[in-house]
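Note sheet for the following structure.
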Amino acid sequence: MRSSMKGVISQLIVIISSLIFCISTGLAEEVQKEITLEEIVVTSTRTEKEVTMAPASTSVVTKQEIEMRNTQTVDEALNDLPGVFDRRNKGLMDTQPLVTLRGIPGQQRTLILLDGMVLNSAYDGTVTFQGLAPEDVERIEVVRGPFSSLYGSYAMGGVVNILTKMPEKREVILKGGYGSDNYWSTYASYGDKIKDLSFFVSAGYRSTDGYITNFDVQSRKPPAGIGGWSPTTDNMGNLRYLIGDTGKNGWFDYNVTAKIEYDITETSKLRFSYLRTENGYNYGNPDTYLLNASGKPIFNYGTVRESSFLSGNGGKIQNIFNLAYETQFSDIKVKLLLGCDQLEDNWYITPGSASTTKLSGGPGTLSSTPSVNYNADLQFTAPLVLPIVGKHVLTWGGSYRYDSANTQEHQLYNWKDEDSQTRLSYHSGGKDMNFALFAQDEIPILKNLTAYIGFREDWWMVFDGYANSVGLPGYPQDYSSRTTSSFSPKGALVYNPFEGTVLRTSAGKAFGAPTIYNLFRTWTTSTGVTYLGNPNLKPETSWSWDIGAEQRLWKGALVKATYFENYVDDLIYRKTVDAQNQLYINVGKAEIKGVELAAEQKFDFGLRLFANYTYNNSKVVKNSIKPESEGKQLTLTPKEMFNIGGEWAMGPFSARLVGRYASKRYNDDLNRDTVNHVYGSYDPYFIADVKLSYKLTMFGISGIASFAVDNIFGRNYFSYYKAPGRQWFGDLTIKY
């Protein structure tokens with residue numbers, strides 16, 4: 001551990017030295033008052049608000065910042081922000097990345113929006129970030145803290161709102177790039193505005209051969225006469241044997257977007273958008289490290305079978321429809337949002353574990369879970385004057401959401417052919433609905449002191465739940481419908497005592513409804529352990545509060561600090577029933593106490609330096625079925641994170657250098673998986689990324705040529721799977 005920290009410190013010194021060299025050539029500025037144009041955000045209040053006066057800790061990632069970073073997926077644009085953890089275990093190939101806020105684990109506890117529409121899956125609350133083209137994004141707003149008072153379920157840690165662009169004039173973009181692991185990226189878009197009609201279309205495709213992410217690690221030692229293996233351990237230190245890998249993990253995705261917007265009047269507009277995306281992953285030929293006495297590769301010994309080297313393919317097809325209407329009647333602003341997020345297909349193949357499953361084929365299982373959610377949201381905003389309160393702004397409205405998901409498992413005659421289906425062996429599914437009413441009052445108590453008081457009442461119903469392990473005793477099972485409600489209040493104060501100083505505090509309640517996966521999905525691993533859904537789960541709830549300050553110092557200098565606490569009740573947890581079965585139940589209480597610190601310095605010669613630090617002291621405080629887990633760190637949550645870096649732009653040149661650190665995470669609820677640098681461990685890591693860009697202008701056509709290197713120090717680490725090593729990428733963008 002000490003040598004690891006020495007490595008981090010030495011790498012930090014390299015980065016800091018580089019930044020100091022950049023500023024030493026021209027840092028001689030007179031301290032003077034800074035005049036800036038405030039960024040306007042909508043997510044923290046559902047209305048337009050200056051970011052510094054928002055009643056929550058808020059960050060904005062602009063289009064320019066996305067372009068300056070090596071942003072290959074939308075979620076990667078967030079990984080330099082305080083309080084945000086972007087988990088990508090396999091880099092680009094990760095099919096289940098997670099963006100979580102303030103140490104509250106699980107994507108189902110952080111709400112993700114696309115132009116105000118919920119993206120969290122109807123099935124398990126995850127988000128398919130792969131299909132969202134970073135080039136289509138105008139900005140991303142991140143608000144931290146409980147936001148169920150405005151947005152309902154999922155918003156326990158906060159809200160991420162991805163806002164896409166609409167053209168103000170004709171613009172054509174062509175982009176192509178190539179990088180490590182035979183990574184290809186192409187993108188094209190066309191947009192225009194003709195009088196009151198705007199339209200935009202785009203298409204993109206990316207693919208990579210990938211790298212080796214999965215390894216074959218066994219507990220049984222190869223017998224005498226077999227070589228090529230090497231001793232290792234599991235993440236708890238138990239002796240294991242590395243005998244091979246599952247081959248390169250390849251991946252692809254494509255996306256098509258079409259949007260149209262019509263300005264009906266100066267105060268009314270209608271917009272419709274459609275996004276279709278498909279992504280898939282695959283594995284190349286597996287590698288065995290085992291050699292017999294004559295030097296010939298072998299794939300089995302004793303009870304270890306050829307099937308242990310195999311991993312199956314998978315993929316998703318998604319359609320997103322979004323219709324938005326805005327208008328104004330007198331002083332009342334009205335917003336109506338209708339959306340549909342359809343996972344047309346969501347499938348993966350699991351090769352069988354019997355001796356009849358081999359590299360060439362044999363039995364397997366095809367799992368498929370299509371799902372759909374429908375959203376409707378109606379909002380009104382009006383300035384009001386009351387006798388005692390005076391002038392204030394009232395926002396109120398209602399929302400509706402319907403979710404449906406169904407899982408089917410078919411046996412395959414040949415695991416390499418998804419069309420070789422035989423019998424249906426398992427199916428389950430269910431539906432839920434949520435109705436809600438919300439209101440928020442913005443009250444200017446003093447000229448420089450504003451209060452926000454809000455609440456939301458949600459009525460949640462689950463119905464049509466069922467599960468059927470075909471042919472097994474006790475099945476099929478049909479589950480009764482249930483209803484429950486949740487009241488989510490919140491209050492906040494924003495105080496601006498001096499110019500350049502902002503103080504804020506807030507407190508509120510949030511909730512997270514159990515997903516269809518938690519309620520009804522039952523599945524069995526290749527090792528024979530069965531994970532059982534529980535149709536009687538209750539929603540999780542949390543009480544949270546925070547207090548923070550922002551202070552502008554001299555010209556270009558800004559510091560921020562926030563302290564927060566989260567208290568989670570009815571935590572959904574997997575109970576070990578016996579050696580072969582685990583069941584989801586509501587058992588626990590957890591608390592997360594933390595600090596977010598950030599500082600930046602901008603200089604007139606185009607340089608910006610920044611640093612931020614996050615501390616999450618997350619732990620289980622009550623677990624009646626497993627008291628020994630009390631006091632342990634919440635799983636998959638880093639206790640410490642920091643980012644440090646700089647951006648420089650002058651004339652046609654720009655450069656960005658950033659270092660990112662995340663501390664140890666645990667996958668075991670007793671925090672026993674302390675061993676690092678082995679397959680299955682979640683290692684602490686420090687990595688540094690750099691990107692260089694040059695703007696081109698010729699014959700009225702502008703362009704940008706860029707070259708980026710991620711993980712420039714070549715740090716090797718595991719995030720369960722082997723994380724990406726040093727990777728490079730170059731691209732060319734042409735605009736006209």
Fill in the blank from the handout: the chain: longest segment with zero exposed trypsin sites (Lys or Arg not before Pro), where exposed means DSSP loop plus at most 13 other C-beta atoms within 10 Å, is residues 221-446
Exercise for the section: Taking the chain as the reference, fit the longest principal axis to its C-alpha atoms, fit the long axis of helix 2-24 to the helix C-alpha atoms, and give the angle between the two in degrees, 0 to 90, nearest 10. Expected result: 30
Practice task
Identify which of the listed values of Cα extents along the principal axes in Å was calculated from the structure shown: [x] 82, 61, 55; [y] 130, 63, 47; [z] 83, 65, 53.
Solution key: [z]
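Fewest first, what order do F329, F686, F699 take by the number of other Cβ atoms within 10 Å?
F699, F329, F686
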Fill in the blank from the handout: In terms of the alpha carbon gyration tensor, root eigenvalues a ≥ b ≥ c, rounded if a/c is under 1.5 and otherwise prolate when a/b exceeds b/c or oblate, segment 329-371 is prolate
Problem - Fully extended contour minus Cα-Cα distance, from A557 to E630, at 0.36 nm per residue - result: 22.1 nm
Problem - Check: segment 2-735 dipole with +1 on Lys, Arg Cβ and -1 on Asp, Glu Cβ, in debye - result: 1300
Handout entry: Amide N of segment 350-382 lying under 14 Å from the label point, which is placed 7 angstrom from the Cα of I453 along Cα→Cβ
Key = none
Handout entry: Added length on full extension, which subtracts the Cα-Cα distance from 0.36 nm per residue, V529 to L378
Key = 49.9 nm
Completion exercise
Computed, not fitted: 222 nm per-residue ellipticity of the chain from DSSP H runs ≥ 4 (each -39500 (n - 2.57)), nearest 500, equal to -1500 deg cm²/dmol
Exercise for the section: Can you check what the net charge comes to around K431, using other residues whose Cβ is under 9 Å from the Cβ of K431 (Lys, Arg +1; Asp, Glu -1)? Expected result: -3
Handout entry: Positive minus negative residues near D341 (Lys, Arg vs Asp, Glu; Cβ under 11 Å)
Key = -1
Exercise for the section: Sort out for me the Cα centre separation of segment 397-472 from segment 70-139, rounded to whole Å. Expected result: 18
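Kindly provide the chymotrypsin sites (Phe, Trp or Tyr not before Pro) of segment 498-530 that DSSP labels as loop, not H, G, I, E or B, and whose Cβ sees at most 11 other Cβ atoms within 10 Å.
Here the chymotrypsin sites (Phe, Trp or Tyr not before Pro) that fit, given the DSSP loop and packing criteria, are F498.
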Fill in the blank from the handout: Per the 1/(1 + (r/R0)^6) rule, R0 = 51 Å and r from the Cβ atoms of L597 and A354, FRET efficiency to 0.05 is 0.40
Problem - Cβ-defined net charge surrounding G131, 9 Å radius [Lys, Arg +1; Asp, Glu -1] - result: 0
Handout entry: Distance between modelled label sites at K589 and D331, nm, 7 Å Cα→Cβ extension
Key = 4.5
Exercise for the section: Note the full-extension length gain between K195 and S420 as 0.36 nm times their separation in residues minus their Cα-Cα distance, in nm to one decimal. Expected result: 75.6 nm
Handout entry: Neighbour cut-off at most 15 other Cβ (10 Å), DSSP loop, GluC sites (Glu not before Pro), segment 470-578
Key = E499
Completion exercise
In terms of the charge dipole of the chain, which places +1 on Lys and Arg and -1 on Asp and Glu at the beta carbon, the residue among V568, I66, I332 farthest towards the positive end is V568
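Laboratory data are not the source of any read-out in this text; all were calculated from the coordinates shown. The structure presented is a predicted model; accordingly, all values stated were derived computationally and were not measured. Every residue, glycine as well, gets a Cβ built from its backbone with ideal geometry; the counts of neighbours run over all protein chains shown.
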